[in-house]
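Peer 1: Sharing a structure here in structure tokens format.
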Amino acid sequence: MFKKTITATAVAVALAAPVYAELDGDLSLGYVSEYSFRGLSDSLGANQNGIGATANIGYSLSDEFRLVGSATAAGLPSAGVGQIDGHNLYSAGFQYQLEGFTFELGYMWQAFYTDGSPAHTGEVYGRASTTCAVTGIDLSLLAAYDTQRLEGTYIELGAGKGYELTANVDVRLDAGISAAYNYWTESDGLNHAFITLSAPIAVTENLTLSPFISYTYAFSAIDNDYSKLLGGNVSEGEEFIYGLSASVKF
């Protein structure tokens, strides 16, 4: 049911979306078998599937400078009493592009909802990304410092590459590893690692469907320690997660 709704909604948006030369972005809808964020999954409520929508927008000031923004709303419909039932994220940033590199500096605000009551926090983040000219591998580095409730640092290194199977179907492999310092918990060290296999399908010029499967493994920074944001113990292990997303470019 979730997958049919996601597909139908994305097709409708693709047909109706206007094109503005001065703006660009995308709208995506998704379903996941178990909601996960920066290594947390069980701590957000074991085996909770999730549905969500994300809008990304960019405005070019020049060939090198852009303003960017993003908004995400995720719902966890199977949440019970006392469990996380929603997660919203909003970010705004400034991008600079130089000779194959993209640098971004911005601020992200987020809220975890339990029984409708939010736990707010926010962070300053910096991101750098590029594509290796030799291998074609996409590389990214994210560093974020939470300025409110967590007052800790999160760092994530990612790499990925896509391969064309047919004119409309690709296969993509992404992997990454993160570290946390006084972030989710008081612990310092490796946070989690992940690997994701997806198969983007170009339905139209602007509409893409992407089924995926992902494996995550938690390290010591989120294993059996008290959660600074959510309360209770953070106790993560390894997870296999699958899902489907639909995205529309505009």
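Peer 1: Among the numbered conditions (1) under 20 Å from HIS87 (Cβ atoms); (2) assigned to a strand (DSSP E or B), tell me where ILE195 comes up short.
Peer 2: All conditions pass for ILE195, except number (1).
Peer 1: Let me ask something additional. For the stretch 23-33, check the following and say yes or no: at least one residue is modelled with pLDDT of 95 or more, closer than 23 Å to LYS249 by Cα and exposed (fewer than 15 other Cβ atoms within 10 Å of the Cβ).
Peer 2: Looking for residues that are modelled with pLDDT of 95 or more, closer than 23 Å to LYS249 by Cα and exposed (fewer than 15 other Cβ atoms within 10 Å of the Cβ), one finds none in the stretch 23-33, hence no.
Peer 1: Going residue by residue through the stretch 108-117, is there one that turns out to be free of Cβ contacts under 8 Å to residues at least 12 places away in the same chain, assigned to a strand (DSSP E or B), under 29 Å from SER227 (Cβ atoms) and out of contact with any Pro (no Cβ under 8 Å at 6 or more places or on another chain)?
Peer 2: So far as the stretch 108-117 goes, yes, one or more of its residues are free of Cβ contacts under 8 Å to residues at least 12 places away in the same chain, assigned to a strand (DSSP E or B), under 29 Å from SER227 (Cβ atoms) and out of contact with any Pro (no Cβ under 8 Å at 6 or more places or on another chain).
Peer 1: List pairs: first residue in the stretch 148-163 and without any contact (Cβ under 8 Å) to a residue 12 or more places away in the chain and more than 28 Å from THR121 (Cα to Cα), second residue part of a strand (DSSP E or B) and not aromatic (Phe, Trp, Tyr) anywhere in the structure, Cβ distance under 6 angstrom, at least six positions apart or on different chains.
Peer 2: If the second residue must be part of a strand (DSSP E or B) and not aromatic (Phe, Trp, Tyr), the pairs left are TYR163/VAL171.
Peer 1: Only one of (1) of a type in the set (Val, Ile, Thr); (2) farther than 29 Å from TYR59 by Cα; (3) surrounded by 13 or more Cβ atoms within 10 Å (Cβ to Cβ) fails for THR166. Which number is that?
Peer 2: (3)
Peer 1: Looking at ARG172, is it surrounded by 16 or more Cβ atoms within 10 Å (Cβ to Cβ) and within 28 Å of GLY189 (Cα to Cα)?
Peer 2: no
Peer 1: Next question. Could you list all residues from the stretch 217-236 that are on the phi < 0 side of the Ramachandran plot and at pLDDT below 80?
Peer 2: Those that are on the phi < 0 side of the Ramachandran plot and at pLDDT below 80: ASP223, ASP225, TYR226, SER227, LYS228, LEU229, LEU230, ASN233, VAL234, SER235, GLU236.
Peer 1: While we're on this one: With the requirement that a residue be among the small types (Gly, Ala, Ser) and within 16 Å of the chain's Cα centre (by Cα), what does the stretch 126-142 give you?
Peer 2: Of everything in the stretch 126-142, those that are among the small types (Gly, Ala, Ser) and within 16 Å of the chain's Cα centre (by Cα) turn out to be GLY126, ALA128, SER129, SER140.
Peer 1: Restricting the search to the stretch 118-161, which residues are closer than 23 Å to GLN97 by Cβ and among the hydroxyl-bearing types (Ser, Thr, Tyr)?
Peer 2: TYR125, SER129, THR130, THR131, THR135, SER140
Peer 1: Further question on the same structure: Any idea how many residues of the stretch 143-171 are in a strand (DSSP E or B) and over 16 Å from the mean Cα position of the chain (by Cα)?
Peer 2: Residues that pass the stated criteria total 10.
The values are calculated or read from the model by the stated rules, or taken from the named source; none is laboratory data. Values in this document were obtained by computation on a predicted structure and should not be read as measured data. Positions of Cβ are backbone-derived with ideal geometry, glycine not excepted, and every protein chain shown enters the neighbour counts.
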